[in-house]
Structures are given as structure tokens and as C-alpha cells.
Amino acid sequence: MSGENNKSFWTTLPGILTGIAAIITAIGGILLALNTLGAFDNNGNGGVSPPTIESFGASPEEITSEQGSTLSWSVSDATEITIDPDIGSVSLRGSRTVRPVETTTYTLTASNDAGTVDATTVIFVSENEELPTIESFDADPEEIVSGDSATLSWSVSDATEITIDHNIGSVSPNDSISMSPTKTTTYTLTATNDAGSVDDTAVVSVNENVEPPTRTEYSDTERVVSDGSSY
């Protein structure tokens, strides 16, 4: 009789609802356990996270059309990494020298089973800028004795700044200056504009071992040498 009562209970509405509630509770427990184990992280990818792009940049970021720039990157947790344009597949960490002829945006794309991420860096190219021209930079004379002077002269075009070292500093594009170095000296002229810098050198050699000539005095009867001897 009790068995019939139990059977009839599960066929009633309260019994059916009680059974459904028990099933839902059991399923909830299973789902909670699976979630704790990470089974449902990242849209069901078994706990795998998307890649991380730790860094992606260019140095320098601004160049002329004749110069190069170095792309460098660091990526973790990726199964595939590409850089566009014109580079293709690369390793997790690395660098590559590129020479774009126009301003270019480079895109790094990193992928794994969890998804894809990307990052960009821009190299700006100054297409119309040309480096300065040092038409001449000379010393005259190139060799002196200690105490004498030499003239540095120069001619420069397309420069926004011109400097000469050894405490000379900023100078005009076409000029000259007299210098009296006490030892052999290399002077460096540096010309700069937005496209970059160029330099040239001029050397003044100083002969420190040359002694001044001996002073000689003459009279009607003898020649007297400045060291005191006579004949």
C-alpha cells in the first residue's frame, strides 16, 4: 500500500515539481563544480586566455626616406603572431629593421584558441627633408708651431643649426675663425636640420718640438751669437 502511495505521489503535480527541483539542484551542483575547475572560463576554452601583447613599438618613430627604424615586440600565450605590412609570421619576442619610404602603420596580430588581439605602431617618414650639406670645412694652414694660429673656414647649406666643438659653439653657415691650439687638435663641425645631422672634421697639427731661431747680432768687426760666443 505504501509503495502505491509513493508511486502515486510522483505522478502528482507536487511530486513532479519536487522531482524537477531535485534534478535542477543536482545539475546546479555539477555546473558549480565545473566552473570551479575553470571549465567555463573564456567562453568554454578550458581556461585558456587570449594572448598578451606586452610591447610593440618602433625606434626611432620619425625617420627620413633614406633611414631605417627598428620594430620590437614581446608577446605571451600566442600560437601565431604576424606583423603587417610585408613582414609576416614572427616569434614571440624579437626585432626587425624596416625602411618604409612613406609614413606606415604596422599592425601586430597575436592569436590562440581563446581569440585574437592586435596592436599598432606608426613610423613617420619625412619624405621631402634632405640632410644638411657641408660643402667645405678646412684648416689653413693645416700644420703650425706652438704659439701660431690657423684659420678654420666652412660653408654649409640646408642646416638649421651648426656647431663646432672645442668650445667654439654655434656658428653661421659661411664663416671662419682663427684658432691657436697648443697641441694637435681635431675640430668637428656638426650641421643639423629636421632630417638629421651630418658632420665633418678638420685637423690642425701642432709641432711642439720646433725651437725658435737663434737671434744673431752683427757688428763691423765680429758676429756675436746670442749664446755669448763670438768669432
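The values are calculated or read from the model by the stated rules, or taken from the named source; none is laboratory data. These numbers were taken from a predicted model, which means no experiment stands behind them. Counting neighbours? That spans all protein chains shown, and the Cβs are built from the backbone with ideal geometry, glycine included.
Points to keep in mind about this one:
- Condition met for Ser205 (surrounded by 14 or more Cβ atoms within 10 Å (Cβ to Cβ), at pLDDT 90 or above and of a type outside the set (Val, Ile, Thr)): yes
- Among (1) closer than 17 Å to Ser136 by Cα; (2) modelled with pLDDT under 95 - the single one Asn193 does not satisfy: (1)
- Top-ranked residue of segment 121-143 - restricted to ones that are under 16 Å from the mean Cα position of the chain (by Cα) and not aliphatic (A, V, I, L, M), ranked as farthest from Glu66 (Cα to Cα): Thr121
To keep it simple, each residue is scored yes or no on (1) loosely packed, with under 12 Cβ neighbours inside 10 Å; (2) more than 13 Å from Ser55 (Cβ to Cβ).
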site	(1), (2)
Trp73	no, no
Ser76	no, no
Ser89	yes, yes
Thr97	yes, yes
Pro100	no, yes
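- Any hit, segment 95-109, residues being among the basic types (Lys, Arg), assigned by TED's automatic domain parsing to the domain that holds Ser69 and touching a strand residue (DSSP E or B) at 6+ places or on another chain (Cβ under 9 Å): yes
- Residue list for segment 92-114, restricted to those being more than 17 Å from the chain's Cα centre (by Cα) and modelled with pLDDT of 95 or more: Leu92, Thr107, Leu108, Thr109, Ala110, Ser111, Asn112
- The set of residues in segment 140-159 being among the acidic types (Asp, Glu) and out of contact with any Asp or Glu (no Cβ under 8 Å at 6 or more places or on another chain) consists of Asp140, Glu142, Glu143, Asp148.
- Among residues of segment 166-187 that are assigned by TED's automatic domain parsing to the domain that holds Asp199 and over 22 Å from Glu208 (Cβ atoms), those with a Cβ under 8 angstrom from a residue that is charged (D, E, K, R) and in a strand (DSSP E or B), sequence gap 6+ or separate chain, pair up as Ser170/Glu161.
So that you can scan it fast, the table gives a plain yes or no per residue for (1) surrounded by 14 or more Cβ atoms within 10 Å (Cβ to Cβ); (2) in contact with a Phe, Trp or Tyr (Cβ under 6 Å, 6 or more places away or on another chain); (3) of a type in the set (A, V, I, L, M, F, W, C):
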residue	(1), (2), (3)
Ile134	yes, no, yes
Ala139	yes, no, yes
Ile144	yes, no, yes
Ser153	yes, no, no
Ser157	no, no, no
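- Segment 114-132, subset farther than 30 Å from Ser76 by Cα and touching a residue at least 24 places away in the same chain (Cβ under 8 Å), residue surrounded by the fewest Cβ atoms within 10 Å (Cβ to Cβ): Glu127
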